[in-house]
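Report on one structure; see the data block that follows.
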Amino acid sequence: MKLLGKRAPVAPLEYTRRWSMRIWVGLVLLFLYTPLITLVAFSFNDSRRNIVWRGFTTKYYEKALHNSSLMEALTNSITIAALATVVSVVLGALAAVLLWRFRFPTKAGWEGAMALPIVVPEICMGVAMLAFFARLDLPQDLPWPFDLSQITIAHITFCFPFVAMVVRSRLASFNREEEEAAKDLGASEWQAFRDVLLPHMKPGLIAGALLAFTLSLDDFVITFFTSGPNTVTFPVKVYSMVRFSVTPEVNAASALVIALTVLLTTIALKLQSRMGTIAQGH
Amino acid sequence: MEDWKRSRALFAAVATAPLTWLTLFFIIPMGVIWLYSFGTNAGLTEIEISGTLANYKKALEPLYLGIFAKSLVVAGITTAICLVVGFPVALAIVFASDKWKPWLLLGIMLPFWTNLLIRTYALMAVLRTEGYANQAIGWLHDRFGGLLTLVGLPAPGAYEPLHLLYNNFAVVLGLVYVHLPFMVLPLYAALDRLDRSLIEASLDLGAGHLRTLLLIVAPLAAPGIISGIIITFVPALGAYLTPDLLGGTDSQMIANVIERQFKRANNWPFGAALSFLLMYATFIAIAIQALKAKQAEKRR
């Protein structure tokens, strides 16, 4: 009952210690979490109609895990996200170094163009990709995973500018003299990059990679326009399943993805706090 | 910064891949759509780029203009609600103790990282006729409905489930649900940088909390508030999934109309024109933000 105990009086700026503020924040968190928590809770409910609690079961998880088209979609999503992350990190890092280091004609234009995939509405980019790939008329029946290339290309296009943005803000804190010192001491351009600049960029690269992975895994609209009947990703599959009905199977599959998200976020925060302490140690 | 001419080989090594990718897979596709918006359907899959403005003219018909206006209104209401709901939350996080701050931030960010489709779906499960919201209200109704007779009101009849889903209310609720973190995080970043002694000074000099908030905090945090508004407004304006899954037949937004032109109606040139109009609206919003941010900078 520490909350109710007598403590120092509430200072004017301690908004968080006012009950009205606490209730407000509590209500907002309740609003944000109620749907997600009920979704996870009722995925364990032993009832097809999924309204009244009829006992604990994991059978819908079994069903979801044995639903081959759902699992195929999940595999596709993770494959695409992994590929898109790798390419986006490389392209994003290059773009960041380019814009941070060089002065060149038409730079402002490129800088603006690089920000476009971030701000353009998803639907516009989705239809642009659809029209572009239709125009190219690529062969449709490629073996897995090459049939995912259209989606992957689209994902890389909207992911790498985010990576570039994150890495560039990290580069802003780099001291150019460190690189010059390395070169004065005989390091080649490549050695200076690998041993001086790259270690400094690393937290930015990791943050960018996590961002790219989540963005790719999360994307529905752009994928919706670039996927074919045989290349369904997890969000597209869930979309076609929930379009008309709410089933416990989808609840279970969604709960699995929520668990994956929580796990990834935790890892990201752990990495971040560890890198924070390393940075402070230096 | 160094000039590209000083180390051409290095410049080429760094620049080639990202710029080529951006050109090939972003600028060219956008160009294709832009050209299509001046085209006409010739045959089933052929589009002839005839330089016509008919698609834009069609977009200005009352029907489509109405949907555009409605999208702007829905996105505006969403943004306003997010601001009103999110501002106290951002303020609370800023002034929270060091122990609570990271948890509160995580609390706001975790739904933001969760898959959009799953969040929308979770909301559907809560709102549908036999969903949890109706269950809860129905339970309260059955339990406590009888109490009304005690205060002289007639006893209510059997519980009629509310229609919470497939209407405009659900669309706005869904958009607020999805975009709230977009508002809270920039507000938090702006408020966190604020000089607290100014707020204290205002309170010491006798201004109330509300007055301090409106006259001191809001102007100082203006750039953050504006960017929060734009970051919320732009994706809400172009939202596809939320109106599609939560909305009814009359809650179509502009993105849904664009999708229909490309998938079912198969009128790509018209869809292309609509999507460019949406893009221009987005650019105007962002330009306003840049302008306001510059003004705020100057005033400092």
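Just so it is clear, none of the values below were taken in a lab; they were calculated from the coordinates. Computed from a predicted structure; not experimentally measured. Positions of Cβ are generated from backbone atoms using ideal geometry, with glycine treated the same way; all protein chains shown enter the neighbour counts.
Here are some notes:
- Dipole in debye (nearest 20) - the protein assembly as shown, about Cα centre, beta carbon charges: Lys, Arg +1; Asp, Glu -1: 1280 debye
- Shielding score for B:28-35, defined as the mean number of other chain Cβ atoms within 10 Å: 6
- Euclidean distance of C-alpha centroids, segment A:53-82 and segment A:103-127, integer Å: 36 Å
- Global geometry of chain B, whether rounded, prolate or oblate, following the gyration tensor of its Cα atoms and the 1.5 cut on a/c: oblate
- Label-to-label distance for residue A:68 and residue B:5 is 6.4 nm, based on points extended 7 Å past Cα in the beta-carbon direction.
- Residues of segment B:83-105 with amide N under 11 Å of a point placed 7 Å along Cα→Cβ from residue A:33: B:104
- Scalar couplings 3J(HN,Hα) for segment B:190-203, obtained by applying the Karplus form with A = 6.51, B = -1.76, C = 1.60 to θ = phi - 60°, are 6, 5, 5, 8, 5, 7, 5, 5, 5, 5, 4, 4, 4, 5 Hz; x denotes Gly and Pro.
- Cβ crowding within 10 Å ranks A:66, B:163 as A:66, B:163, fewest other Cβ atoms first.
- With a simple spin-label model that places each label point 7 Å from the Cα along the Cα-to-Cβ direction, the separation between residue A:41 and residue A:108 comes to 5.7 nm.
- Highest average packing first - B:233-243, B:258-268, A:73-83, Cβ atoms within 10 Å: B:233-243, A:73-83, B:258-268
- Whether segment B:124-281 is rounded, prolate or oblate, judged on the alpha carbon gyration tensor where a/c under 1.5 counts as rounded: oblate
- Percent RCO, i.e. relative contact order, over chain A, from Cα pairs under 8 Å lying at least 6 residues apart: 29 percent
- Cα-based shape type of segment B:16-83, given that a ≥ b ≥ c are square roots of the gyration tensor eigenvalues and the cut on a/c is 1.5: oblate
- Cβ charges +1 (Lys, Arg) and -1 (Asp, Glu), total dipole of segment B:125-233, debye: 80 debye
- Counting only Cβ charges, +1 for Lys and Arg and -1 for Asp and Glu, the dipole size of chain B around its Cα centre is about 640 debye.
- Positive dipole terminus of segment A:63-281, leading residue within A:150, A:209, A:262 (C-beta point charges): A:262
- For A:243, B:128, A:54, order by how many other beta-carbon atoms lie within 10 Å, fewest first: A:243, A:54, B:128
- Ranking A:92, A:37, A:104 by how far each Cα lies toward the positive end of the dipole of chain A (charges on Cβ) leaves A:37 at the top.
- For segment A:63-281, the residue among A:117, A:66, A:167 whose Cα projects farthest onto the positive side of the dipole built from Cβ charges is A:167.
- Sorting the segments B:203-216, B:21-34 by their mean number of nearby beta carbons within 10 angstrom, highest to lowest, gives B:21-34, B:203-216.
- Expected-Rg normalisation [2.2 N^0.38 Å, Cα atoms] applied to segment A:63-281: 1.18
- Separation of the alpha carbons by more than 19 angstrom is noted, of B:101/B:292; A:270/B:99; B:101/B:294; A:202/A:270, for B:101/B:292; B:101/B:294.
- Structure remark: mean-square fluctuation, Gaussian network model of chain A, C-alpha springs under 10 Å; the largest value among A:96, A:41, A:84 belongs to A:41.
- Across the protein assembly as shown, the convex hull enclosing all Cα atoms gives 221 Å³ per residue.
- Relative contact order %, chain B, counting alpha carbon pairs below 8 Å whose residues are six or more apart: 25 percent
- Of all lysines in the structure, those lying under 25 Å Cα to Cα from residue A:63, and not within fewer than 8 positions of it along the same chain, are A:237.
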